[in-house]
Amino acid sequence: MKKKLMLLAVFALAGGLVAGCGSKNNSSENSPSPSASAPSESAQPAAIDIKELKVSFVPSKDPETIITATDPLKDLLKAQLATEGYNVDKVSIDVGTTYEAVGEALTAGSTDIGFIPGGTYALYDDGADVILTATRAGLSNDSDNAKDWNDNKPTAATAEQANYYRSLFIAGPSKKGQELAAKVNGGEQLTWEDLNSANWAIMSTSSSAGYIYPTLWLQKNFNKSLTDLSHVVTSDSYGTSFARLAAGQADVIVAYADARRDFEPKWTADFGRGQSIWDETNVIGVTQGIYNDTISVSKNDKIMTDEFKTALQNAFIAIAQTEEGKKVISVYSHEGYKVAQSSDYDGERQAQELIKSMKK
């Protein structure tokens, strides 16, 4: 009897286990499978549509030259942003009337992207957000001694990429320009009286190479600024400054260190000079290093989300690595881009503060 009861208990237990297993199997059949509930690996998030993207450039060269050179950027940017998940219907490009005009447009949100120098960014960083810094070819001359630039002419590009450049005080073929150059090349120190007796062409107040850093150089060496010069005019572009230098209307101009390389063909072809720009110009002053130009975006622009800023960074970096893209950005002597942060331009902010204090 006991044996029968034990056998019945065993059979009952076994039946319960089988029933339990069967219950689990039925439950799993009624639940969604992982593959059914998980999104497909090939599924992509819906692309974001942008009606128009406005890009503005500062007038560091002739506006028509910039417009022509950068026109291919429209299609390049649209194509690259498409790979980042953004469909842009139209990219429009313009050149600001001044550096400040582009900074103001970014602040107002009337332009989306600005190719602006570090000095302009520092002035307008309440309304502009830096996303990229340009890289350029290093130069064969990088001394802070003016005579070294004259002893080692012409200046040539090197294979190394540089994240800074310098501004040069360039004396032209006029009698006064040659007189100043002769003193520098003879190892003599220029005086404030020497400089103040010359006719100068400079750029607008937010230009790093055309105003800010030359002022810092004058402040350091003579406790003076560009505004203290007796004979000074403001050019609307570096091309205008070189034209004035070639015509003898200016004895000295200030420009970025590789500007003579950019204007070498025009010196004889357009400006009517009979000799090379390297033969007829000399460096009489060299500033400290200047952090490279920026690509900045408007802070007051609804489309400028963190995701879109990242997409723009990726797009411009990729464009700069293509042959067509390299041709476009060469108009500003840019060769590539790297991700930037606001603190990179703290030096520019300090320069701006000094400029402001000198105006009081």
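The table for this structure:
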read-out	value
Residues of the range 282-297 that turn out to be among the hydroxyl-bearing types (Ser, Thr, Tyr) and more than 10 Å from the chain's Cα centre (by Cα), as a count	1
Residues being within 21 Å of residue 217 (Cα to Cα) and open to solvent by 40 Å² or more (accessible area, probe 1.4 Å) - total across the range 140-176	8
Count of residues meeting criterion [among the acidic types (Asp, Glu), under 19 Å from residue 75 (Cα atoms) and in contact with a helix residue (DSSP H, G or I) (Cβ under 9 Å, 6 or more places away or on another chain)] in the range 301-327	1
Qualifying residue in the range 93-109 (condition: at pLDDT 95 or above, at positive phi and surrounded by 14 or more Cβ atoms within 10 Å (Cβ to Cβ))	yes
Where a residue in the range 316-338 is more than 17 Å from residue 131 (Cβ to Cβ) and its partner, wherever it lies, is open to solvent by less than 80 Å² (accessible area, probe 1.4 Å) and outside any helix (DSSP H, G or I), with Cβ under 6 Å and at least six apart	324/72; 328/72; 333/136; 333/258; 335/135; 335/136; 335/137
Leading residue by the ranking (farthest from residue 247 (Cα to Cα)) among those in the range 177-200 that are open to solvent by less than 30 Å² (accessible area, probe 1.4 Å) and of a type in the set (Gly, Ala, Ser)	181
Residue list for the range 101-139, filter: out of contact with any helix residue (DSSP H, G or I) (no Cβ under 9 Å at 6 or more places or on another chain) and closer than 24 Å to residue 190 by Cβ	none
Given (1) of a type in the set (Ser, Thr, Tyr); (2) open to solvent by less than 60 Å² (accessible area, probe 1.4 Å); (3) under 26 Å from residue 348 (Cα atoms); (4) touching a Lys or Arg at 6+ places or on another chain (Cβ under 8 Å), index of the condition residue 227 fails	(2)
Residue match in the range 160-175 (condition: of a type in the set (A, V, I, L, M, F, W, C), at pLDDT 95 or above, within 22 Å of the chain's Cα centre (by Cα) and farther than 30 Å from residue 311 by Cα)	yes
Selection within the range 219-260 - touching a Pro at 6+ places or on another chain (Cβ under 9 Å) and either farther than 18 Å from residue 208 by Cβ or free of Cβ contacts under 8 Å to residues at least 24 places away in the same chain (or both)	245, 246, 248
Meets criteria (part of a helix (DSSP H, G or I), basic (Lys, Arg) and without any contact (Cβ under 8 Å) to a residue 40 or more places away in the chain) for residue 74	yes
Search result, residues across the range 118-139 that are closer than 17 Å to residue 203 by Cβ, open to solvent by less than 10 Å² (accessible area, probe 1.4 Å) and not aromatic (Phe, Trp, Tyr)	118, 119, 120
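The values are calculated or read from the model by the stated rules, or taken from the named source; none is laboratory data. Note that this is a predicted model, so its numbers are computed, not measured. Virtual Cβ from ideal backbone geometry, glycine too; neighbours counted across all protein chains shown. Side chains are part of the model used for accessible areas, which takes the heavy atoms of the whole protein and leaves out ligands, DNA and RNA. Shrake-Rupley method; radii C 1.70, N 1.55, O 1.52, S 1.80 Å.
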